[in-house]
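Nothing in this text is a laboratory measurement; each read-out follows from the coordinates by a stated rule. Here the structure is a predicted model, which is why all the values come from computation and not from measurement. FYI the Cβ positions are ideal-geometry reconstructions off the backbone, even for glycines, and counts take in every protein chain you see.
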Amino acid sequence: MSEGRFWALLLLFPSLLVITAVVLYPTATGFLLSVQELRLNRPQLGNDWVGLRHYADMVSDPVFWTSLKNTAVWVTASVIIELFLGLTAALALNRGLPGTRAFAVLILVPMFLPNIVAGHMWALMLDPRLGVVNDILMRLNLIDGYKAWFADPSTAMGAAIAVEAWHSFPFFTLLLLAGLKGIPEDLYKAAAIDGAGALAQLRLITLPQLRTVIAAAVILRVIGLVNSPDLLLVLTNGGPGRSTQVLSLYAFQTAYKDFDFGYAGALSVVMFALLMVFAWAYVALLRVDRD
Amino acid sequence: MSLRLNTPATRLWDAAAYLVMGTLSLLCVAPIVWTFLTSIKHEADIISPVLHYIPPSVTWENYAKLWTQSGYPVLVLNSLVVTTLTVAICLLAGTPAAYAVSRTRFRGRRALMLGYLVVRMFPAVLMIVPLFVVMRGLGLLDTRAGLAVAYTSFLLPLFIWMLKGFFDAAPPELEAAARVDGATRGGAMVRIVLPIARNGLLATAVFVGIGAWNEFLFALMLTTSQGSRTWPVGLQLMVGEFQLPWGMLAAGGIISILPVVVLFALVQRAMVTGIAAGAVKG
């Protein structure tokens, strides 16, 4: 072993030890749980191997299919809105106008706020009786009566997506702004000489040059949206009915409320598999790994 | 775009940019302002049928009630301990790792960094359930140390990715010079690279600290008693304990995000560079 390799291993050792203990071991155990029976509240059922039974149960579980469908809506709509708002903000901030730094700080603040506080802030503002959003929309004549946004199955998902977009579009702004700074100035000069207007420059230079950054941001955000039930837990807890029930929330409730760790493990494994397939397909389709 | 021709088109786009920046910053900050205004209103003014945009009279009773009746000081103290422990573990285990992947070339280096990224795809519930079982066995369940260790599962990989970006930006020539002058590898790292990357190290530590301070799901599942419960869990449990405690919830929210907003404002430039570099280069 060369001296450099020994030195690298020595430096890496503490982090590898921690990662193995708190990530690899629990995750491997989690995969094993998904083929076991483990119900904390019903120990008489034992702790047997059940093979793929949890997965078979999932196929005939209507809540699973509803959650899968809702997850698709939740993730797709949120990412599209966040990408659009994030790109718009980044383009505006990138013009380097006076006052930009102050605007940038204000626009980035939401992404550092805890889910739990973001959720309660908006729950208060969207409250059917006390909510300021209803009041403003009434004054603008956009609605003709106070709405119970989170109690109505037809508006609950939309309202939750709006809150999520508010909370996380700054993440796209941050990454895309960094990406914009990396685009060579000469490209724009050449395009301007060729007579390309602002919109043509956006389509022909900015968006293609940002492709890798957009891909990275989308993948990271999709991971967060699929895996984290926090915001929906605060806002709707999956209701009304099951109109905002997503997979991560279902897995969490299965573990935390029903103490059915085996089935919760199987649901999580499915989420992980979906994410892996998505990330792989997305990278392959965009061919971003060649850049 | 530094090509600043003062054409009508440029002025039009500049105006549009101000409109976008103004609208979005208002949208981003308004909920925080509204929460603050709610937190200084009397309960009667919050639930009154006519909405008061400006509090008719200012009161700090929500803050007083939160501090004296809900055990909030203990929750905040627990969060502080957990956050400090998490940052300490990340600094101790993550700094050498980030240095190694930035400065040394070894087989499997790319795969290792990719592995640190894949780790983020593991659903929290998939890890929490086995962690729950393991920690119960070790007696770490419902302890602040146990929670801090659990937090490193998603914060240590982030820490390493971000810090590696800052180390990459520090010129390696200075270390080479120091080693020629007789410094050991360890000496060069501690005395040359760490001081250069000081701002990056601070920003990374703050970023990880905010992550630990804000975390909710792990805390909900891995703590059960007042002795180790953190503020996000306490705040959420208040919803069931009191009838629609909007004033207290708003006060709790404001107190809890205060350190986050202050720290972000202090190190935002380095932090923004670091987060972007970590994700863009990844």
Check: Cα-Cα pairs above 14 Å in segment A:117-205: how many percent?
Finding: 75
Check: Looking at chain B, do any whole DSSP H helices span at least 18 angstrom along their long axis by alpha carbon and average -1.0 or above on Kyte-Doolittle, and which?
Finding: B:8-39, B:72-89, B:124-138, B:144-169, B:198-214, B:246-281
Check: What ranking of B:Glu61, B:Glu215, A:Glu37, B:Glu173 emerges when the number of other C-beta atoms within 10 Å of each C-beta is taken as an exposure proxy, fewest first?
Finding: B:Glu173, B:Glu61, A:Glu37, B:Glu215
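Counting every Cα pair in chain B, what percent are over 29 Å apart?
Beyond 29 Å sits 51 percent of the P(r) for chain B.
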Next item on the list: For segment A:61-290, give the magnitude of the charge dipole about the Cα centre (Cβ charges: +1 Lys/Arg, -1 Asp/Glu; no others), in debye to the nearest 20.
Entry: 480
Margin query: Based only on other Cβ atoms within 10 Å, what is the fewest-to-most ordering of A:Ser228, B:Ser153?
Written below: A:Ser228, B:Ser153
Notebook entry, point to check: Can you give me the relative contact order of chain A as a percent, contacts being Cα pairs under 8 Å and 6 or more apart?
Noted result: 28
Checklist line | Label-point separation in nm, A:Ala148 to A:Thr20, each point 7 Å along Cα→Cβ | finding: 5.5
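Rounded to the nearest angstrom and ordered from largest down, what semi-axes does the equivalent ellipsoid of segment A:61-290 get from its C-alpha gyration tensor (root of 5λ)? Mind dumping the intermediate values first?
Values: eigenvalues 244, 126, 40 Å².
Each semi-axis is √(5λ); the values are 35, 25, 14 Å.
Pull out a ≥ b ≥ c, the square roots of the eigenvalues of the alpha-carbon gyration tensor of the protein assembly as shown, then state rounded if a/c is under 1.5, prolate if not and a/b is larger than b/c, and oblate in the remaining case. Provide the component values of the computation, followed by the final result.
On the way: a/c = 1.43, a/b = 1.05, b/c = 1.36.
Verdict is rounded for the protein assembly as shown.
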